[in-house]
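Working notes for the structure below.
The values are calculated or read from the model by the stated rules, or taken from the named source; none is laboratory data. In this text, all values refer to a predicted model and were calculated from it rather than measured experimentally. Glycine also receives a Cβ, built like all others from the backbone with ideal geometry; neighbour counts cover every protein chain displayed. Side chains are part of the model used for accessible areas, which takes the heavy atoms of the whole protein and leaves out ligands, DNA and RNA. Shrake-Rupley method; radii C 1.70, N 1.55, O 1.52, S 1.80 Å.
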Amino acid sequence: SLSDVQTEALMAAATDVEDAITYVDTIETDNAAAADLLQDAADNLAEAISYQTQIDSSLSTLSTLAQELSSETANQCSMLQNEADMSEDGMPSDESIADAVTTLSQLINNFIDEINSSMITAPGMDNVRDLAQSLADGVGGIGTDEGRSFMLYGTSDIINELYALSSTQTSMAATLTDLKTGTDELRAKAAEWKTSEAAKQDVITAIDELEKSLNEYKAA
């Protein structure tokens with residue numbers, strides 16, 4: 001999955017950064033080696049960022065499809081409810097129910113297909129997939145009040161789950177960018193090392209910031 005390969009790139013970058021940190025005390029003589037390690041870290045982080053871009057794009061597509069499904073569900077439920085209110089038995093016609101089931105089933109299946117092709121693995125995405133599958137399994141009951149309520153609440157739950165997932169990914173993307181920036185800055189400092197306590201402290205300060213960003217991303 002995208003998440004798996006992104007994690008591999010991130011962990012490789014983390015190892016490079018942590019190895020480079022060990023060069024601080026002897027950076028006067030090993031600055032080139034430290035700079036090389038940090039270049040590898042920067043390359044791995046760039047790769048991780050490219051995966052993040054793909055994840056963000058997939059989430060954007062899923063959000064659009066979810067909004068379309070929610071809107072059409074509300075539309076179909078409203079039409080069926082109006083028809084039920086006007087009928088003698090309080091039920092919409094079998095033909096109207098069948099049309100609604102066909103229309104919504106197509107949208108739900110398209111949504112599930114997009115989830116499966118997105119290659120995103122995360123607990124939140126598993127929840128979205130489960131909710132979508134429950135809609136696929138329950139759409140046939142849309143002819144009843146309970147069935148319509150189930151569909152309306154289900155689509156709302158999907159949108160809420162995607163919003164939460166997107167918010168987390170946005171936060172992670174910002175931290176990842178900060179991590180890449182910090183690595184580039186530290187790489188430049190290591191490559192241009194001059195023997196002095198001030199320069200050494202400058203590198204140590206950059207390392208502290210980099211470690212903070214790295215730990216934040218690991219936690220996320």
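Annotations
- Within segment 153-162, the set of residues being open to solvent by 30 Å² or more (accessible area, probe 1.4 Å) and touching a helix residue (DSSP H, G or I) at 6+ places or on another chain (Cβ under 8 Å) comprises S156, D157, I159, E161.
- Segment 95-120: number of residues that are open to solvent by less than 70 Å² (accessible area, probe 1.4 Å) and touching a residue at least 60 places away in the same chain (Cβ under 8 Å): 2
- D85 vs. criteria under 30 Å from T170 (Cβ atoms), free of Cβ contacts under 8 Å to residues at least 24 places away in the same chain and open to solvent by 70 Å² or more (accessible area, probe 1.4 Å): no
- Residue satisfying condition, being modelled with pLDDT of 75 or more and either over 20 Å from S166 (Cβ atoms) or among the acidic types (D, E) (or both), within set D4, D16, D30, D40: D40
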